[in-house]
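What follows draws every value from the coordinates through simple rules; no lab data is involved. Keep in mind it's a predicted model, so treat the numbers as computed, not measured. Neighbour counts are summed over all protein chains in view; Cβ atoms, including those assigned to glycine, are modelled from backbone coordinates with ideal geometry.
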Amino acid sequence: MEKKLKEHAFLILEDKTIFKGIKIGRKGITVGEIVFNTSMTGYQEILTDPSYNNQIITFTYPHIGNTGINNIDNESNKIQVKSVIINNLALISSHYENNITLSKYLKNNNIIGIMNIDTRKLTKIIRNKGIQFGCILSDSNININTAYKYIKKKKYQLTENIVKKISTQNIYSWKSKNNKNYIMKFNKKKTLFNIIVYDFGVKKNILELLIKYGCKITIIPAETSAEKVISLKPHGIVLSNGPGDPRSCIKIINNIKILLKTKIPIFGICLGHQLLALSNNAKILKMKFGHHGSNHPVQNLKTKKVMITSQNHNFTIDPINLPKNIKVTHKSLFDNTIQGIKIINTNAFGFQGHPEANPGPKDSEKLFKKFIKNIKKNQKK
Ligand SMILES: NC(=O)CC[C@H](N)C(=O)O
């Protein structure tokens, strides 16, 4: 059990709503875009998902921290969210893999957080008014007017390209800790495909699933040139998930345009899917409050089958005046937004949700099989 959890903190929204709560993590002030996640499990994976880099996360599920933090489930090597808003922080962590309490984990990683917030009320505000920029203030030496000034000052930074900052700076091979146990389940011929993964903020489970389906992985910096990628002679290319506004990734979009001409199979996931669309001259829109949860129904328009998927995005492909070479393959049954695309006359497809889940259901894992099938087909030609 943890004691001393009683210092006050404030959550201040750009619409001037003020919530009073209790400080968790480090003392200080922080601002960012607040996004809500509706998943009932998986707070550790969410906190470490690089797609949330620079954002403040709030959980609609009221009880967070009850299984602690373990050494296995991180989706990257650090906490990626800027700050955390929780309703009820569990004071006891109980799980056989538990290593450290959530509260200690936040403190050790210098994260500013707030608890005892009615996160469902906060989520309703975001749903009604749209994504809110907000500030967590847990330092009694800073007053609320400073917080408002901070919100105004920092908001402009939303359009900057953060992908380049968080991507790997060097090319490296991914070695799975688990690979012996699950490589080759799908790929019976035991061929290892060489896959290049563009790291826009890649989640670990994307890499683990590629390993599972028989791939050898080389991870490359976000702005690696198309020429360099072609010289590495990959069997397939993955455009990973990642944070921020895809429209800021100009260099990456230009590289994808060149790669599309090569016919190397390409699989775009979330940000990667949006970048695939942009490199084919589609428009991207910012959604009112995005999709962030693990129960989103997505329909395959050809088979009519529905998958329950994990989602985490604020941007979406504009369905109006979609270029003719982009075929929509999947749609959200929540709001009809585009969830899957195929680029005609190429070997490229994209998926808006998170087929690697973590947290979330495994229904859309089959998209990895589809990618491998595309690679095999391409080899036969
Ligand atoms: N998970 C992701 O890759 C997110 C993509 C993009 N940053 C968005 O918010 O829409």
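For this structure, a couple of remarks:
- Meets criteria (within 16 Å of the ligand (Cβ to nearest atom) and part of a strand (DSSP E or B)) for Val238: yes
- Residue check, Gly293 surrounded by 14 or more Cβ atoms within 10 Å (Cβ to Cβ) and closer than 25 Å to Asn128 by Cβ: yes
- Being at positive phi and away from the ligand (no atom under 12 Å from the Cβ) is a property that holds for Lys233.
- Selection of the stretch 70-110 for residues being within 21 Å of Pro243 (Cβ to Cβ) and surrounded by fewer than 21 Cβ atoms within 10 Å (Cβ to Cβ) yields Asp73, Asn74, Ser76, Asn77, Lys78, Lys82, Tyr105, Asn109, Asn110.
- Filtered residues of the stretch 225-259 (kept if of a type in the set (Ser, Thr, Tyr), surrounded by fewer than 21 Cβ atoms within 10 Å (Cβ to Cβ) and closer than 25 Å to Pro355 by Cα): Ser248
- Residue, surrounded by the fewest Cβ atoms within 10 Å (Cβ to Cβ), within the stretch 300-309, restricted to residues that are more than 16 Å from the ligand (Cβ to nearest atom) and part of a strand (DSSP E or B): Val306
- Qualifying positions in the stretch 260-290 - outside any loop (DSSP other than H, G, I, E, B) and surrounded by 24 or more Cβ atoms within 10 Å (Cβ to Cβ): Ile266, Phe267, Gly268, Ile269, Leu271, Gly272, His273, Gln274, Leu275, Leu276, Ala277
- Total residues in the stretch 267-283, condition more than 16 Å from the chain's Cα centre (by Cα) and within 8 Å of the ligand (Cβ to nearest atom): 0
- Residues of the stretch 77-121 that are in a strand (DSSP E or B), over 17 Å from Val31 (Cα atoms) and not polar (S, T, N, Q): Leu89, Ile100.
- Elements of type strands (runs of 3 or more DSSP E) contained in the stretch 311-376, each with 2 or more residues being within 13 Å of the ligand (Cβ to nearest atom), among the polar types (S, T, N, Q) and touching a residue at least 60 places away in the same chain (Cβ under 8 Å): none
- Scanning the stretch 324-352 for residues that are within 22 Å of Lys257 (Cα to Cα) and within 19 Å of the chain's Cα centre (by Cα) yields Ile338, Gln339, Gly340, Ile341, Phe349, Gly350, Phe351, Gln352.
- Any hit, the stretch 292-299, residues being outside any strand (DSSP E or B), in contact (Cβ under 8 Å) with a residue 24 or more places away in the chain and more than 20 Å from the chain's Cα centre (by Cα): no
- Any hit, the stretch 62-80, residues being closer than 19 Å to His8 by Cα and either in contact (Cβ under 8 Å) with a residue 60 or more places away in the chain or hydroxyl-bearing (Ser, Thr, Tyr) (or both): no
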